[in-house]
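Just so it is clear, none of the values below were taken in a lab; they were calculated from the coordinates. This one's a predicted model, so the numbers in the text were calculated from it and none came from an experiment. With ideal geometry, Cβ positions are generated from the backbone for all residues, glycine too; neighbour counts draw on all protein chains shown.
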Amino acid sequence: MFWLQPFIAAFTGWFTTWIAIKMLFHPRNPVRFMGITIQGVFPKRQALVADKIGHMVASELIHFDDIAARINDPVELKKLTPVIEQHLDDFLKVKLKEKLPVIAMFVTGSTLDKIKEGMLEEINILLPDLISRYTDSLSQKIDIRKMVTEKVARFSSDKLEQILEAVMKKEFAFLEIIGGVLGFVIGLIQMGLTLI
């Protein structure tokens with residue numbers, strides 16, 4: 001039995017680490033045990049975690065200025081030109097005849113091309129300003145922190161556990177091994193102290 005001390009301590013170290021990891025998520029609901037209320041760390045602190053994540057996302061990760069800058073990027077706006085041009089072609093060659101047939105009779109192909117060209121220039125001037133105004137308006141209406149906080153707070157504990165285990169599976173296993181190794185070392189030290 002004396003020689004088993006390091007192995008028993010190793011098992012104890014591994015098991016207590018395993019229990020500690022499980023207690024991050026379990027029990028999901030508060031449980032009374034011998035006058036003490038026990039609940040997993042994440043289920044108990046989910047609202048606080050959600051608030052901190054919401055704050056971090058809103059202050060560090062997502063800014064409407066960045067979104068507006070990417071949308072207003074001239075390269076991105078240029079990608080819209082074919083769609084706008086197609087729509088203008090359809091309007092000038094088809095819908096103009098339906099809506100204003102008298103004007104359509106006097107407007108020839110080359111005139112239509114000049115009208116389209118002028119409209120495209122105006123749209124290209126208007127679009128960045130329009131997008132900036134729209135994103136400014138959205139930034140005042142949408143509270144990213146609140147949105148993220150509410151979504152994280154609504155996560156089920158099962159979902160949160162799945163996400164963290166998927167991301168930290170190796171780290172959790174490493175912690176369990178470290179617990180076992182430390183337990184073994186402590187068992188050896190105890191054995192050595194007993195021999196002295």
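Quick notes on this one:
- Each of Trp18, Gln46, Ala173 was placed along the dipole of the range 2-195 (beta-carbon charges, centred on the mean Cα), and the one lying farthest toward the positive end is Trp18.
- Square roots of 5 times each gyration tensor eigenvalue, C-alpha, the range 37-179, largest first, Å: 55, 16, 15
- Cβ charges +1 (Lys, Arg) and -1 (Asp, Glu), total dipole of the chain, debye: 840
- If the segment from Ser157 to Lys170 were pulled out straight at 0.36 nm per residue, it would be longer than the present Cα-Cα gap by 2.6 nm.
- For Gln86 and Arg133, a Förster radius of 22 Å and the Cβ-Cβ distance give a FRET efficiency of 0.30, rounded to the nearest 0.05.
- Per residue, the Cα convex hull of the range 96-195 amounts to 270 Å³.
- Between helix 109-141 and the chain: long-axis angle, C-alpha atoms, 0 to 90°, nearest 10: 30
- Sparse-neighbourhood loop sites, trypsin sites (Lys or Arg not before Pro) in the range 66-145 - DSSP loop, at most 11 other Cβ within 10 angstrom: Lys79
- Charge dipole of the chain about the Cα centre (unit charges at C-beta), most positive-ward option of Ile67, Met105, Pro82: Ile67
- Helix 41-56 and the longest principal axis of the Cα set of the chain meet at an angle near 40°.
- Computed from point charges on the beta carbon alone (+1 for Lys and Arg, -1 for Asp and Glu), the dipole magnitude for the range 84-163 about its Cα centre is near 320 Debye.
- Simple spin-label estimate for Lys95 and Val107 in nanometres, 7 Å along Cα-Cβ: 1.2
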